[in-house]
Amino acid sequence: MENIKIIIERSDDFFWAYAENVKGITAGGDTVKDVKKSILESIAINKELGNFPKEECELTYRYDIQSFLNYYKGILSNPAMEKITGINQKQIHHYATGLKKPRAAQRKKIEEGLHRLGKELLSIEL
């Protein structure tokens with residue numbers, strides 16, 4: 001199964017996505033949800049045209065911080081992000097609004113905090 005790394009970024013007026021490791025897969029949309037749907041359509045079109053193997057593929061999404069925080073803001077509030085990452089809420093808000101861009105070390109703290117949360121959630125049985 002091929003893994004396709006999809007990069008999702010925010011521009012001034014829309015979201016843009018492209019495959020980092022496969023040529024010809026691009027998409028745009030008003031929201032992250034729209035761009036994810038559009039990426040799936042782009043992959044399907046490329047498969048139909050024979051530009052891409054017909055086998056199943058796994059997608060890995062890589063967001064810029066602003067896009068990620070806005071897409072998941074209904075699930076991960078600023079206080080929750082502070083608890084997960086150790087980065088204060090005001091700074092998280094600045095990242096979410098695009099007022100400030102996180103340094104590499106801050107991006108890594110966010111990613112590692114999310115991965116810890118994911119592992120913890122996977123270990124839960126109800």
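The values are calculated or read from the model by the stated rules, or taken from the named source; none is laboratory data. Keep in mind the model is a prediction, meaning the values are calculated, not measured. In this analysis, Cβ positions are derived from the backbone assuming ideal geometry, glycine residues included, and neighbour counts consider all displayed protein chains. Side chains included, ligands, DNA and RNA excluded: accessible areas come from the protein's heavy atoms. Shrake-Rupley method; radii C 1.70, N 1.55, O 1.52, S 1.80 Å.
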Cross-chain or 6+ apart pairs with Cβ under 7 Å, the stretch 37-63 first and among the acidic types (Asp, Glu), then in a strand (DSSP E or B): 55/2; 58/3
Please verify whether the stretch 83-91 includes one or more residues that are open to solvent by less than 50 Å² (accessible area, probe 1.4 Å) and within 21 Å of residue 7 (Cβ to Cβ). no
What's the number of the condition residue 16 fails, among (1) over 12 Å from residue 60 (Cβ atoms); (2) in a loop (DSSP other than H, G, I, E, B)? (2)
Please state which one of 36, 47 is closer than 12 Å to residue 7 by Cα and either in a helix (DSSP H, G or I) or in contact with a Cys (Cβ under 7 Å, 6 or more places away or on another chain) (or both). 36
Name the single residue that is nearest to the chain's Cα centre (by Cα) among those in the stretch 10-22 being open to solvent by 70 Å² or more (accessible area, probe 1.4 Å) and touching a residue at least 24 places away in the same chain (Cβ under 8 Å). 10
Just to check your reading of the model, which residue among 74, 24, 50 is on the phi < 0 side of the Ramachandran plot and out of contact with any Lys or Arg (no Cβ under 9 Å at 6 or more places or on another chain)? 74
Taking first residues from the stretch 102-126 that are free of Cβ contacts under 8 Å to residues at least 40 places away in the same chain and closer than 17 Å to residue 75 by Cα and second residues anywhere that are in a helix (DSSP H, G or I) and open to solvent by 80 Å² or more (accessible area, probe 1.4 Å), the pairs with Cβ under 9 Å that are 6 or more apart or on different chains are 113/83
Any residue at all in the stretch 87-99 that is closer than 18 Å to residue 115 by Cβ and touching a strand residue (DSSP E or B) at 6+ places or on another chain (Cβ under 8 Å)? no
Every residue in the stretch 13-46 that is within 14 Å of residue 68 (Cα to Cα) and basic (Lys, Arg), please. 33, 36
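Kindly indicate whether residue 68 is touching a strand residue (DSSP E or B) at 6+ places or on another chain (Cβ under 9 Å), outside any helix (DSSP H, G or I) and crowded, with 17+ Cβ neighbours inside 10 Å. Please lay out each step first, then the result.
Details: touching a strand residue (DSSP E or B) at 6+ places or on another chain (Cβ under 9 Å): yes; outside any helix (DSSP H, G or I): no; crowded, with 17+ Cβ neighbours inside 10 Å: yes.
Answer is no for this residue.
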With the requirement that a residue be in contact with a helix residue (DSSP H, G or I) (Cβ under 8 Å, 6 or more places away or on another chain) and surrounded by 14 or more Cβ atoms within 10 Å (Cβ to Cβ), what does the stretch 92-105 give you? 92, 93, 95, 96, 98, 100, 102
In the stretch 29-65, what residues are within 12 Å of residue 18 (Cα to Cα), of a type in the set (A, V, I, L, M) and open to solvent by 30 Å² or more (accessible area, probe 1.4 Å)? 40, 59
